[in-house]
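As structure tokens, the structure follows; a few thoughts come after it.
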């Protein structure tokens, strides 16, 4: 398969993830959609790594996976804290930073 | 060659279907399960791109560990059904339009780019391309600093998650518990012949 196909597929997945971030209200689903976008980036990085024939892009993708895991942990921690404080799990109602 | 194309389309459709499911399914639990299907499809695509180690890491770490974390939180907060933005009609229409425009822009940027190698399957690579040995060598030689930074980031995230998700009253509880013990002790000393009733009565008397 040509590398082009993979890159276009990754663009499509990225666009779907962006649509999800814009239209969903639950922070949990928004995190899932962010995962989609990060994975689309990973796919593009690995496709370009294959195109150039060296492994640098794969190391980048690995680092992106680490950052995504950190983001998930922090995001889920915030959601659990919101639940503990009996707040609505809805991004529209969380509009101030004061703790 | 034919088998490779077939595998690409099967895995691509699985990944795309999973992505659509994440965005459109109402139940959060099903959204997470759909993301797992998406990740498995992506792992097959990684294998087609000769990234064996990343495909394995994707399945084990992402589809395994991270998604279990998601499922735990969905189960914890109840996973109620959520309508896809029912009342605010503007974003509901503009979101998919924006996504479509974004995709068209990215596709034009990719197809119109002057990268001549984009139209090929990539150069011939050796047996060890994308193997754990190659990734490990790169991580410990050329990318040692990003590697260490990533490990530090993981540490910070773990500590941050514990701090954020802990009970807010956690710091005050030991103090009040100690106070209760003190009160109980003193009431025990007051009337040692009736420890049970004395302790209860004494605590009540001092507390209020």
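If neighbour count is taken as other Cβ atoms inside 10 Å, put A:8, B:59 in order from fewest to most. Intermediate results must be reported in sequence, preceding the final value.
On the way: A:8 20, B:59 17.
Result, fewest neighbours first: B:59, A:8.
Residue by residue through B:149-157, how many Cβ atoms from other chains fall within 10 Å of the Cβ on average?
4
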Mind checking B:42-54 for the average number of partner chain beta-carbons within 10 Å of each residue's beta-carbon? 6
Measure out, as a whole number of angstrom, how far apart the alpha-carbon centroids of segment A:54-93 and segment B:104-118 sit. 30
Where does each of B:34, B:116, B:131 land when they are ranked from fewest to most other beta-carbon atoms within 10 angstrom? B:116, B:131, B:34
Looking at chain A, what % of the alpha carbon pairs are farther apart than 17 Å? 59
Relative contact order (percent, whole number), chain A, Cα cutoff 8 Å, 6+ residue spacing: 28
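When a footprinting reagent is the concern and you count Cβ atoms within 10 Å, what order do B:92, A:50 take, fewest first? Show your work: numbers first, answer last.
Values: B:92 14, A:50 28.
Ordered by Cβ neighbours within 10 Å, fewest first: B:92, A:50.
Please work out the Kirkwood hydrodynamic radius for segment B:43-158, using every pair of different C-alpha atoms, and report it in angstroms with one decimal place.
19.0
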Can you give the mean number of other chain Cβ atoms that lie within 10 Å of the Cβ atoms in peptide B:11-17? 3
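Read the figures in this text as sums done on the coordinates, not as results from a lab. Being a predicted model, the structure only gives us computed values, none of them experimental. With ideal geometry, Cβ positions are generated from the backbone for all residues, glycine too; neighbour counts draw on all protein chains shown.
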